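Participant: Please read through the structure below; I'll follow up with questions.
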């Protein structure tokens with residue numbers, strides 16, 4: 001009995017132990033499953049938007065946008081930019097289409113899915129055909145299973161079928177395209193003239209003190225001294241060092257010889273050549289050209305030659321042979337030459353341009369070559385000085401001490417915002433000055449041309465409006481320019497009033513005092529280089545015979561409309577353009593229709609969101625990033 005009890009106790013013990021193990025395993029499995037595919041993030045009709053689809057899509061979206069920005073976005077930044085909303089909206093729309101496909105019973109067969117897989121270049125192996133191992137590896141790396149991916153293909157194909165059915169009947173009426181092109185294609189012709197200071201009657205009146213004061217008060221920006229930094233700096237540039245270096249004549253001569261082809265080039269001719277069958281045929285062809293019976297191009301056409309066949313480009317005397325060179329290089333005048341015997345038969349040449357031989361002696365370029373070599377050598381000297389300066393600054397030396405103990409040159413500058421001359425022409429100097437605090441000793445830095453510098457900001461003067469007493473001349477000049485501008489506009493308005501339709505006048509009546517110019521075939525998309533862009537808008541607001549004034553920085557421009565030419569849909573060019581415009585507009589209408597249809601599907605399917613699951617996925621993204 002005792003032995004029997006012991007056996008039963010052991011069995012009971014192992015039974016309890018097994019239950020405990022199963023409970024622990026079950027707990028672990030629950031944790032695992034809860035972290036993989038779990039509750040959906042949205043439900044659209046009978047279709048769920050899975051958490052995995054949303055997680056994978058927002059990861060891809062963050063990665064794509066991060067590449068555009070050049071920096072990795074955090075999930076918080078992605079949410080701030082609304083990437084989560086755009087991804088969710090896209091997935092919900094896709095689910096709405098899938099739900100509609102199920103409602104309509106629309107689907108595609110296995111053959112369609114198979115063809116999509118076989119034609120995907122991402123799933124092809126080294127032989128250029130579908131490779132099952134490549135396919136499975138690609139799908140696995142995307143975080144999907146083959147069945148999930150194939151279901152996605154089936155859903156996408158069904159969506160395309162519905163979209164094709166929705167947009168198949170879209171056809172924009174030709175009248176719509178014609179209306180668009182009536183607007184775009186209409187052209188106008190007008191006469192215009194610029195009214196200048198010479199068109200103002202009498203002298204510009206001298207300003208009163210109150211007028212000057214009013215101008216000064218109304219234009220403070222014109223008299224503002226921008227923020228200015230008082231800077232002490234040391235610098236050493238290749239130009240500075242080059243002035244102190246000795247360059248041997250041998251090195252200069254060697255560099256000249258190395259570049260001899262740049263300084264000594266033979267004469268060249270740009271020519272075309274037609275080779276004839278015999279001397280008699282060549283002579284007859286030349287006589288025909290001289291008599292005006294045919295042109296050089298027509299001669300080429302009769303022999304079945306194109307421009308590419310006869311064009312020799314730029315040639316030297318050596319390129320064309322002795323006989324042709326003697327004829328072609330005896331003159332620099334473009335024209336017809338020959339016939340000339342060549343090694344491929346008698347030929348007629350047409351010379352289009354001539355380039356004289358170039359020969360520049362060493363004496364003319366030796367100073368430039370010496371300077372170039374010196375600047376090249378300067379980089380070594382600057383590197384040595386820079387090493388010494390780094391040690392001095394690290395040891396606490398001031399810029400003044402650095403200049404005393406090295407070849408660095410000490411100077412000062414009042415650097416105003418926007419200034420870009422002298423040392424301020426270097427972007428590196430301006431950036432360092434802006435980043436420096438007052439009194440701060442900064443490290444030595446490189447300049448764009450290979451020089452070096454270090455600076456110290458001694459003080460900063462905030463921007464301020466200069467006292468009127470300090471800018472008297474500037475105020476006077478500004479007021480007089482403004483007054484002149486005002487009078488030019490007034491004169492232009494007088495002329496427009498004088499030539500008004502009711503007065504029966506025309507801008508041509510003022511041709512003696514104004515320089516008149518004509519613009520023809522101007523459309524709404526035209527630009528006229530010497531006129532402000534607002535001219536186009538003004539021209540298309542006028543009626544024939546009317547004139548108006550346009551103000552620009554130079555004063556005033558008068559325009560008078562002469563003609564209106566409506567778009568001609570009957571021309572061959574117009575028909576082609578109309579067809580193109582109609583196709584573009586039809587495509588746009590189809591896209592708009594699909595957008596409205598998709599939005600309607602989403603609305604009627606009444607999607608629900610699982611915000612808690614979405615927030616949880618965002619936290620997972622945050623943890624994985626950290």
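Residue-wise test of (1) loosely packed, with under 15 Cβ neighbours inside 10 Å; (2) in contact (Cβ under 8 Å) with a residue 12 or more places away in the chain; (3) in contact with a helix residue (DSSP H, G or I) (Cβ under 7 Å, 6 or more places away or on another chain); (4) assigned by TED's automatic domain parsing to the domain that holds residue 59.
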site: 125; (1), (2), (3), (4): yes, no, yes, yes
site: 130; (1), (2), (3), (4): no, yes, yes, yes
site: 135; (1), (2), (3), (4): no, yes, yes, yes
site: 141; (1), (2), (3), (4): yes, no, no, yes
site: 144; (1), (2), (3), (4): no, yes, no, yes
site: 150; (1), (2), (3), (4): no, yes, yes, yes
site: 154; (1), (2), (3), (4): no, yes, yes, yes
site: 157; (1), (2), (3), (4): no, yes, yes, yes
site: 161; (1), (2), (3), (4): no, yes, no, yes
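Participant: Give me the residue from the stretch 454-474 that is assigned to a loop (DSSP other than H, G, I, E, B) and over 39 Å from the mean Cα position of the chain (by Cα) and, out of that set, surrounded by the most Cβ atoms within 10 Å (Cβ to Cβ).
Facilitator: Only one residue tops the list, namely 471.
Participant: Can you list residue pairs whose Cβ atoms sit under 9 Å apart, with the first residue in the stretch 200-218 being under 19 Å from residue 465 (Cβ atoms) and the second being part of a loop (DSSP other than H, G, I, E, B)? Count only pairs 6 or more apart in sequence or on different chains.
Facilitator: Once the first residue is under 19 Å from residue 465 (Cβ atoms) and sits in the stretch 200-218, its partners that are part of a loop (DSSP other than H, G, I, E, B) give 215/207; 216/471.
Participant: I need a count of the residues in the stretch 442-453 that are farther than 19 Å from residue 416 by Cα, surrounded by 14 or more Cβ atoms within 10 Å (Cβ to Cβ) and either in contact with a strand residue (DSSP E or B) (Cβ under 7 Å, 6 or more places away or on another chain) or without any contact (Cβ under 8 Å) to a residue 12 or more places away in the chain (or both).
Facilitator: 6
Participant: Same structure, new question: Name the single residue, out of those in the stretch 211-224 being touching a strand residue (DSSP E or B) at 6+ places or on another chain (Cβ under 9 Å) and exposed (fewer than 15 other Cβ atoms within 10 Å of the Cβ), that is nearest to residue 389 (Cα to Cα).
Facilitator: By that ranking, first place goes to 224.
Participant: Within the stretch 240-249, take every residue that is in contact with a helix residue (DSSP H, G or I) (Cβ under 7 Å, 6 or more places away or on another chain) and in a helix (DSSP H, G or I) and give me the one that is surrounded by the fewest Cβ atoms within 10 Å (Cβ to Cβ).
Facilitator: Only one residue fits best here, namely 242.
Participant: Kindly establish whether residue 327 is surrounded by 19 or more Cβ atoms within 10 Å (Cβ to Cβ), over 41 Å from the mean Cα position of the chain (by Cα) and at pLDDT below 95.
Facilitator: Answer is no for this residue.
Participant: Could you tell me whether residue 508 is within 33 Å of the chain's Cα centre (by Cα), assigned by TED's automatic domain parsing to the domain that holds residue 192 and either loosely packed, with under 12 Cβ neighbours inside 10 Å or not in a strand (DSSP E or B) (or both)?
Facilitator: Spelling it out, it is not the case that residue 508 is within 33 Å of the chain's Cα centre (by Cα), assigned by TED's automatic domain parsing to the domain that holds residue 192 and either loosely packed, with under 12 Cβ neighbours inside 10 Å or not in a strand (DSSP E or B) (or both).
Participant: Further, regarding this structure: Give the residue that is nearest to residue 149 (Cα to Cα), with candidates limited to residues of the stretch 63-77 that are touching a residue at least 60 places away in the same chain (Cβ under 8 Å) and part of a helix (DSSP H, G or I).
Facilitator: Looking at the filtered set, the residue picked out is 75.
Participant: Sticking with this one: Do we find that residue 74 is under 27 Å from residue 42 (Cα atoms), buried (at least 17 other Cβ atoms within 10 Å of the Cβ) and modelled with pLDDT of 85 or more in this structure?
Facilitator: For residue 74, the condition - under 27 Å from residue 42 (Cα atoms), buried (at least 17 other Cβ atoms within 10 Å of the Cβ) and modelled with pLDDT of 85 or more - is not met.
Participant: Looking only at the stretch 356-375, count every residue that is part of a helix (DSSP H, G or I) and touching a residue at least 12 places away in the same chain (Cβ under 8 Å) and tell me the total.
Facilitator: Counting residues in the stretch 356-375 that are part of a helix (DSSP H, G or I) and touching a residue at least 12 places away in the same chain (Cβ under 8 Å) gives 10.
Participant: Just a yes or no: is a residue in the stretch 191-210 part of a helix (DSSP H, G or I), at pLDDT 85 or above, surrounded by fewer than 17 Cβ atoms within 10 Å (Cβ to Cβ) and not assigned by TED's automatic domain parsing to the domain that holds residue 560?
Facilitator: Among the residues of the stretch 191-210, at least one is part of a helix (DSSP H, G or I), at pLDDT 85 or above, surrounded by fewer than 17 Cβ atoms within 10 Å (Cβ to Cβ) and not assigned by TED's automatic domain parsing to the domain that holds residue 560, which makes the answer yes.
Participant: Out of the stretch 250-298, which residues are closer than 23 Å to residue 314 by Cα, within 41 Å of the chain's Cα centre (by Cα) and not in a loop (DSSP other than H, G, I, E, B)?
Facilitator: 260, 261, 262, 263, 264, 265, 268, 269, 270, 271, 272
Residue-wise test of (1) modelled with pLDDT of 80 or more; (2) within 23 Å of residue 594 (Cα to Cα).
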| residue | (1), (2) |
| --- | --- |
| 80 | yes, no |
| 83 | yes, yes |
| 96 | yes, yes |
| 100 | yes, yes |
| 108 | no, yes |
| 115 | no, no |
| 129 | yes, no |
| 132 | yes, no |
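Participant: Also: At pLDDT 90 or above, in the same structural domain as residue 404 (by TED's automatic domain parsing) and buried (at least 16 other Cβ atoms within 10 Å of the Cβ): does that describe residue 234?
Facilitator: Against the criterion (at pLDDT 90 or above, in the same structural domain as residue 404 (by TED's automatic domain parsing) and buried (at least 16 other Cβ atoms within 10 Å of the Cβ)), residue 234 qualifies.
Participant: How many residues are under 14 Å from residue 560 (Cα atoms) and either touching a helix residue (DSSP H, G or I) at 6+ places or on another chain (Cβ under 8 Å) or surrounded by 11 or more Cβ atoms within 10 Å (Cβ to Cβ) (or both) if we restrict to the stretch 516-530?
Facilitator: Total meeting the criteria: 5.
Participant: Say we look at the stretch 569-626 and pick out the residues that are in a loop (DSSP other than H, G, I, E, B) and on the phi < 0 side of the Ramachandran plot; which of these is modelled with the lowest pLDDT?
Facilitator: Looking at residues that are in a loop (DSSP other than H, G, I, E, B) and on the phi < 0 side of the Ramachandran plot, I get 626.
Participant: Give the stretch 95-123 a look and list any residue that's touching a helix residue (DSSP H, G or I) at 6+ places or on another chain (Cβ under 7 Å) and either under 24 Å from residue 56 (Cα atoms) or assigned to a helix (DSSP H, G or I) (or both), or say none.
Facilitator: 96, 97, 98, 99, 100, 101, 112, 113, 116, 117, 122, 123
Results for (1) modelled with pLDDT of 90 or more; (2) over 11 Å from residue 455 (Cα atoms); (3) touching a strand residue (DSSP E or B) at 6+ places or on another chain (Cβ under 6 Å); (4) part of a helix (DSSP H, G or I), shown as yes or no for each residue.
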{"site": "391", "(1), (2), (3), (4)": "yes, yes, no, yes"}
{"site": "415", "(1), (2), (3), (4)": "yes, yes, yes, no"}
{"site": "418", "(1), (2), (3), (4)": "no, yes, no, no"}
{"site": "430", "(1), (2), (3), (4)": "yes, no, no, yes"}
{"site": "440", "(1), (2), (3), (4)": "no, no, no, no"}
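The values are calculated or read from the model by the stated rules, or taken from the named source; none is laboratory data. Since the structure is predicted, the reported quantities are computational estimates derived from the model, not experimental observations. Quick reminder, even Gly has a Cβ in these numbers, built from the backbone with ideal geometry, and neighbours come from all protein chains shown.
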